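One structure is given here, and the rest of the page talks about it.
Only the coordinates and a few stated rules stand behind these numbers; no lab work does. Because the structure is predicted, anything quoted here is derived from the model rather than measured. Note: ideal-geometry Cβ built from the backbone for every residue, glycine included; neighbour counts use all protein chains shown.
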Amino acid sequence: MHTVQIVFACENPDRLATFWAAALGYILEPPPEGYTTWNDFADEVGIPEEARNDLSACVDPAGVGPRIFFEKYDGGKPN
């Protein structure tokens with residue numbers, strides 16, 4: 001079995017993940033098991049508030065379609 005993920009670089013990962021989730025009938029990726037929200041997870045692992053929109057993803061609730069991952073890109077040269 002092959003697992004596919006599509007990755008987009010963008011200015012606002014959460015906004016695009018929310019848009020594509022609605023457009024495709026997907027859902028925003030739920031937080032890891034044991035956490036109620038992504039902010040709870042970020043607090044526990046020490047992700048600063050200003051970096052919390054650097055990544056987002058949406059997934060097919062049926063588990064059939066690919067995961068779509070969005071990462072922040074501010075238009076500068078990649079590292």
So, of the residues in segment 49-60 that are closer than 14 Å to residue 12 by Cα and aliphatic (A, V, I, L, M), which turns out to be surrounded by the most Cβ atoms within 10 Å (Cβ to Cβ)? 57
Filter result for the condition that a residue is within 18 Å of residue 4 (Cα to Cα) and exposed (fewer than 11 other Cβ atoms within 10 Å of the Cβ), over 46, 34, 63, 75: 63
